[in-house]
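Engineer: Before we start, here is the structure in question, set down as structure tokens.
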Amino acid sequence: MSTQIVILAAGMGTRLGRALPKSLTTLNDGRSIMQQQHDNIRAAFGDDAHVTAVVGYRAEEIVERFPQADYVYNERYDQTNTSKSLLRALQATGRNGVLWMNGDVVFDPRVLGRAIAHIEADQSFVAVNTAKVSDEEVKYTVSRAGHIDELSKQVVGGIGEAVGINYISRADKKALIRGLQRVDDQEYFEGGLELAIADEGVRVLPMDISDLYAVEVDFAEDLERANEFV
């Protein structure tokens, strides 16, 4: 059975100030952010990976560079946030579990290697960094049982940051879809996951990758930091 992988790349990325979609931003090693993601996916899963990208802003630029992927189009990319892009992707990927990532994350290839055991066990997870907690990032807390409890930028007392790489199991997928349907158009996908956890008892593990790099590129200084690793 192939691994279902989704890349969320519909947004305009205005904060970075580039004309192209943010996922096509060139890194110091000559690859785009999305090319680095595709390379990491192939390194971890080989041909046993089915990649679907959610596109919107200047979609044709991404499709032209990665013709081997499948695509879901979010025509409301300028009016919605990642919750609605992920919703479209989950609805288009059948019943199987899905590994998804934001299209602007530059990360260590070993992150996906660490994820394989959870995916094979069909265990939902959120990749986290416990080394730092920034006000601008998505933060999280855990329950007494060690599962994700709160997950948002508004979390008070967060014990780490979510890095934008996640997995939803086959068993939990419908609950996440319902959560994504319920949240506002401008909500991040974490809002839908938080609802699935709180209202439907979905259990999501924090997968600690603090010893590996993962940089979500929102601003120029993020890009500089990502380029220190590649």
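Each value in this text was obtained by applying a stated rule to the coordinates, not by laboratory testing. Remember, it's a predicted structure, so these values are computed and weren't measured experimentally. We place every Cβ from the backbone using ideal geometry, glycine too, and count neighbours over all the protein chains shown.
Engineer: Just to be sure I understand the model, the point goes 7 Å from the Cα along the line to the Cβ. What's the resulting Asp208 to Arg42 distance in nm?
Structural biologist: 3.4
Engineer: With only alpha-carbon atoms counted, please give the Rg and Dmax of region 3-227, in Å.
Structural biologist: 16.0, 47
Engineer: What FRET efficiency would be calculated for the residue pair Leu20, Asp199, taking the C-beta separation as r and a Förster radius of 41 Å, to the nearest 0.05?
Structural biologist: 0.60
Engineer: So between Ala171 and Lys153, what do we pick up on full extension, going 0.36 nm a residue minus the alpha carbon distance?
Structural biologist: 3.8 nm
Engineer: Apply 1/(1 + (r/R0)^6) to the Cβ-Cβ distance of Glu136 and Glu75, taking R0 = 30 Å, and write down the FRET efficiency to the nearest 0.05.
Structural biologist: 0.55
Engineer: Of all the Cα-Cα pairs you can form in region 1-97, what percent are over 17 Å apart?
Structural biologist: For region 1-97, the fraction of Cα-Cα distances above 17 Å is 51 percent.
Engineer: Only loop residues by DSSP count here, and only those with at most 10 other Cβ atoms within 10 Å; note down the trypsin sites (Lys or Arg not before Pro) in region 117-158 that meet that.
Structural biologist: Loop-located and lightly packed - Lys132, Arg144.
Engineer: May I pose another question? For region 68-159, what log10 I(q)/I(0) values come out of the Debye formula at q = 0.11, 0.12, 0.14, 0.22 1/Å, with one point per alpha carbon and no solvent?
Structural biologist: So the normalised log intensities are -0.42, -0.51, -0.70, -1.43.
Engineer: For Cα pairs less than 8 Å apart in space and 6+ apart in sequence, what is the mean separation divided by the residue count of the chain, i.e. the relative contact order in percent?
Structural biologist: This gives 24 percent for the chain.
Engineer: Using only alpha carbon pairs under 8 Å that are at least six residues apart, calculate the relative contact order of region 1-86 and give it in whole percent.
Structural biologist: Once normalised by length, the contact order is 37 percent.
Engineer: So how strong a dipole does the chain carry about its Cα centre when Lys and Arg Cβ are +1 and Asp and Glu Cβ are -1, to the nearest 20 debye?
Structural biologist: For this selection, approximately 540 debye.
Engineer: A follow-up question, please. How long is the gain from Arg225 to Asp122 if the chain were fully straight, where each residue apart is worth 0.36 nm and the alpha carbon distance is subtracted?
Structural biologist: 33.8 nm
Engineer: Let me ask something else about it. Taking neighbour Cβ counts within 10 Å as the exposure measure, how do Ile159, Ile177 sort from fewest upward?
Structural biologist: Arranged by neighbour count, lowest to highest, Ile159, Ile177 become Ile159, Ile177.
Engineer: Work out from phi, with θ = phi - 60° and the Karplus expression 6.51 cos²θ - 1.76 cosθ + 1.60, the ³J(HN,Hα) of each residue of region 175-180, listed in order in whole Hz, and give x for Gly and Pro.
Structural biologist: Listing the rounded values in order: 5, 5, 4, 5, x, 5 Hz.
Engineer: Local charge sum around Gly94 (other residues, Cβ-Cβ under 11 Å, Lys/Arg +1, Asp/Glu -1)?
Structural biologist: Combined, the nearby Lys, Arg, Asp and Glu give +3.
Engineer: Along the charge dipole of region 71-173, Cβ charges K/R +1 and D/E -1, which of Ser169, Gly113, Trp100 sits furthest on the positive end?
Structural biologist: Projecting each Cα onto the dipole axis, the largest value belongs to Ser169.
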